[in-house]
Amino acid sequence: MTNLVGAGVPEVVAMSITGHVDAKIFKRYNIRRDAVQVDALTKQERYLTGQRDSTELMPTLARRPS
């Protein structure tokens, strides 16, 4: 199950494959891997950087003189 989650399979799907009904038991045996977490954070940082780089500034509307 750790390999399923590490491969990006959602926990609900991994639970159905492994036959776990209780999420607490599944999580107990789903051993945390530091490398998987580092990879996830790296992907998040790339995503956020891409979002910042692609954000266009909205032009300000010129005010009419009163």
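A short reminder: the numbers here are calculations on the coordinates, not readings from a lab. In this text, all values refer to a predicted model and were calculated from it rather than measured experimentally. All Cβ positions, glycine included, derive from the backbone under ideal geometry; neighbour counts span all protein chains shown.
Observations, loosely collected:
- If you go through segment 14-29 and keep only what is more than 19 Å from residue 40 (Cα to Cα), assigned to a helix (DSSP H, G or I) and not basic (Lys, Arg), you end up with 15, 16, 17, 18, 23, 25, 26, 29.
- Among the residues of segment 2-41, none is identified as touching a Ser or Thr at 6+ places or on another chain (Cβ under 6 Å) and on the phi > 0 side of the Ramachandran plot.
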